[in-house]
Amino acid sequence: MLNQLTISELSTRLAKREISAREVVQSCLDQITRVDGKIHAFISYDSADALAQADAADKQISSGTAHTQKPLLGIPIALKDVLAVKNQPLNCGSKILGKFISPYNATVVEKLKAAGAIVFGRCNMDEFAMGSSTENSAFGTTKNPWDISRIPGGSSGGSAAAVAADETIASLGTDTGGSIRQPAALCGVVGLKPTYGRISRYGLVAFASSLDQIGPFTKDVRDSATMLGVLSGVDPHDSTSVPQPVPNYVAALDGKIKGLKLGLPKEYMIGGLDAEVKSAVDAAVKKFQELGAEIVEISLPHTDYAVAVYYIIATAEASANLARFDGIRYGARVEGADPTELYSKTRGAGFGAEVKRRIILGTYVLSSGYYDAYYLRAQKVRTLIRNDFLKAFEQVDAIVTPTTPTAAFKIGEKSDDPLQMYLSDIFTISCNLAGICGLNLPCGFTKHPKLPIGLQLLGRPFGEETLLKIAHAFEQSTGWRKEKPPL
Amino acid sequence: MAEAQFDIKYVAHLARIALTPDEEKKLAAQLGNILGYIEKLKELDVSNVEPTAHAVPMVNVTRADEIRPSLPHEDALRNAPRQANGLFIVPKIVE
């Protein structure tokens, strides 16, 4: 089953011409036909276009193009429905974009194509990336491949589930407060949120511009390193992309973690932490010690304030970013007697409940008389949270935490209680506020039912090499990544 | 403070989002709850702390002022709900 293989396994076999890119794409499409009725990871996909790209890749391989030049040649990669692909639909999991067709490619799409990837499919997501379960999609809920009565996490739930269910080899998601790492944890795959500025956001529909970052979902750590190398780099189209050299991330995977210092933040051992999650993380910590790493207890004293800071800053930025969806230049429109009525009716009809909730909250915290009390204060506490991390990284090379307090919860369990849903992101949110990098890596399973548990590694700004090195050493010494969901 | 002062009709108007009476009721209650939670930030003394707007280690990124290709006119109009004569059509603004 080619669709179960990794990028590195497939590229070796493609290069030897043991298999064709068409066969790889076809095996993914067959898997989608077989399981996506249950999982609903995809909003849409264009089989004919994917196969045409595969044939073009096969031609390049037979004319001698090597994977050293194009590391993703012939590899199918699916995208979250928030990234622009020229002439393909883009909906952000929302009704408000109507029949929108992207007029240009996101920079990450250009980079994937330049590396030879077959870019296909629109993965389901919480509307405008706002949510932790994909229950907020206007296109229906994605199901967790390990138990279809449960959520896959969110907001990039479709991208995570598609990789976990072997419907694609890898995918892209976006992470504003955990939207890559949390679904990766709940679906049992590797998910990387790079440092803010590492990857261009051009062609990503903005949710919270100071927090959003694009990143890969993959079946193992080596593939994550390969993808990061392809996607990273400064881009003249995004002034917040950072002109930092792009190292050879794959070369960093040398298994040498002896002597590295890993920090355990005492504030993350909270009451709501599930006992099975805790014991899986404890076992992972022991494994790191066996591998020669040194474990140090650290303190991130402002952890308890992160969720509150996030829901002020992210909603404030969202209220400004989403002002563009007004029924004038694109998307659906509900007519009105004057522009204000047109805007209000269009947005009232086009946005779902969570998006309305966040835009209204963001509008309120920025409104006259409340700016200092909410927005400015949140930005100051953001400084304290960032300083906690920078101080910790003077002492340790990376930080180890659970990715989520519990394994995947049931569909509908938290959908009527937004605050409880927000609190499920408690371990992932600080990373975006601090502008550092983070990675989820499978570290075990709950017993009944069997659900994946995720370990989070947090690293210094532009410290992805160290994170990938540590994650790779762990993965090589454990068998978690070989487990497959019962589909 | 939050719950009492939160005027859902006024803020929804500022946000240009038409709400049904049911939505107003539900959102007002949920947002009151969330704002109550956010109050915990008041526990901290932030008097000598600078705000962080973003975490990028850069300021004032500029580029050379050169003419470059941009989105063609017809591509920019392609997704418009109403258009004519190369323009977006909107309701009358001035009588």
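Only the coordinates and a few stated rules stand behind these numbers; no lab work does. Since the model is a prediction, treat every value here as computed from it, not as a measurement. All Cβ positions, glycine included, derive from the backbone under ideal geometry; neighbour counts span all protein chains shown.
Within a Cβ distance under 14 Å of residue A:247, other residues only, what is the Lys/Arg minus Asp/Glu net charge? Taking every other residue near residue A:247 into account, the sum is 0. Residue by residue through the range B:87-92, what is 3J(HN,Hα) from phi via Karplus (6.51 cos²θ - 1.76 cosθ + 1.60, θ = phi - 60°)? Round to whole Hz and write x for glycine and proline. Computed from phi, the couplings for the range B:87-92 are 10, 6, 9, 10, x, 4 Hz. Over chain A, DSSP H runs of length four or greater, each weighted -39,500 (n - 2.57), average out per residue to a 222 nm ellipticity of -11500 deg cm²/dmol. Working from Cα pairs under 8 Å separated by at least six residues, relative contact order for chain A is 18 percent.
Take every Cα pair under 8 Å whose residues are at least 6 apart in sequence, average their separation, divide by the length of the range A:350-456, and the relative contact order is 26 percent.
Seen from residue A:420, the other residues with C-beta closer than 12 Å to its C-beta sum to a net charge of -3, counting Lys and Arg as +1 and Asp and Glu as -1.
Using only side-chain charges placed at the Cβ, +1 for Lys and Arg and -1 for Asp and Glu, the dipole size of the protein assembly as shown relative to its Cα centre rounds to 720 debye. In terms of its alpha-carbon gyration tensor, the range A:339-385 comes out prolate; a/c meets the 1.5 threshold, and the first ratio a/b outweighs b/c.
Computed from the C-beta positions of residue B:82 and residue A:49, the FRET efficiency with R₀ = 25 Å rounds to 0.25.
For the pair residue B:62 and residue B:22, label points projected 7 Å from Cα toward Cβ lie 5.5 nm apart. Go ahead and estimate [θ] at 222 nm for chain B from helices alone: -39,500 (n - 2.57) per DSSP H run with n ≥ 4, summed, over the residue count, rounded to 500. Calculated mean residue ellipticity at 222 nm is -10000 deg cm²/dmol.
Tell me, how many Å apart are the Cα centres for the range A:358-391 and for the range B:6-83? So the two Cα centres are separated by 12 Å.
Determine, from the Cβ-Cβ distance of residue A:287 and residue B:73 and an R0 of 56 Å, the FRET efficiency 1/(1 + (r/R0)^6), rounded to the nearest 0.05. The formula returns an efficiency of 0.40 here.
Would you work out the Kirkwood radius for the range B:1-55? I mean one over the mean of 1/r across all pairs of different Cα atoms, in Å.
Computed over the range B:1-55, the radius equals 13.4 Å.
Shown here for the range B:35-95: trypsin sites (Lys or Arg not before Pro) in loop regions (DSSP other than H, G, I, E, B) with at most 15 other Cβ atoms within 10 Å, namely B:63, B:78, B:82, B:92. Think of chain A as having a plus end and a minus end, set by charges on the Cβ of Lys, Arg, Asp and Glu; of A:390, A:319, A:14, A:14 sits farthest toward the positive end of this dipole. Neighbour counts of C-beta atoms inside 10 Å place A:307, A:281 in the sequence A:307, A:281, starting with the fewest. The loop-placed GluC sites (Glu not before Pro) in the range A:1-92, going by DSSP, that have at most 14 neighbouring Cβ atoms within 10 Å of their Cβ come out as A:18. Which of the aspartates and glutamates could a cross-linker bridge to residue A:286, judged by Cα under 16 Å and excluding same-chain residues fewer than eight apart? In chain and number order, the partners are A:276, A:294, A:297, A:475. Positive end of the dipole of chain A (Cβ unit charges, origin at the Cα centre): among A:453, A:199, A:210, the Cα lying farthest that way belongs to A:199. Taking the Cα centre of the range A:205-269 as origin and assigning +1 to Lys and Arg Cβ atoms and -1 to Asp and Glu Cβ atoms, the resulting dipole is close to 440 debye. If you wrap the range A:253-367 in the convex hull of its Cα atoms and look at it from every side, the mean projected area works out to 12.0 nm². Calculated from the alpha-carbon coordinates, the protein assembly as shown shows an Rg and a Dmax of 23.0, 78 Å respectively. Each listed q (0.24, 0.25, 0.29, 0.30 Å⁻¹) maps to a log10 I(q)/I(0) for the range A:171-233 from the Debye sum over equal C-alpha point scatterers, namely -0.99, -1.06, -1.31, -1.36.
Rg and Dmax of the range A:1-103, both derived from C-alpha coordinates alone, stand at 15.2, 47 Å.
Selection among B:47, B:27, B:60 by position relative to the dipole of the range B:26-65 gives B:27 as farthest towards the positive end (Cβ unit charges, Cα centre).
Averaged over peptide B:74-82, how many Cβ atoms belonging to another chain are found within 10 Å of each residue's Cβ?
Averaged over the peptide's residues, the number is 6.
The magnitude of the dipole of the range A:308-416, with charges of +1 and -1 set on the Cβ of Lys/Arg and Asp/Glu and taken from the Cα centre, is near 40 debye. Put simply, the amide H of residue A:172, placed in the peptide plane, has neighbours under 5 Å in A:78, A:79, A:80, A:217, leaving out anything fewer than 5 places away on its chain.
Taking Cα atoms, how many degrees apart are the long axis of helix B:21-38 and the longest axis of chain B, rounded to 10 and kept between 0 and 90? The angle comes out at about 60 degrees.
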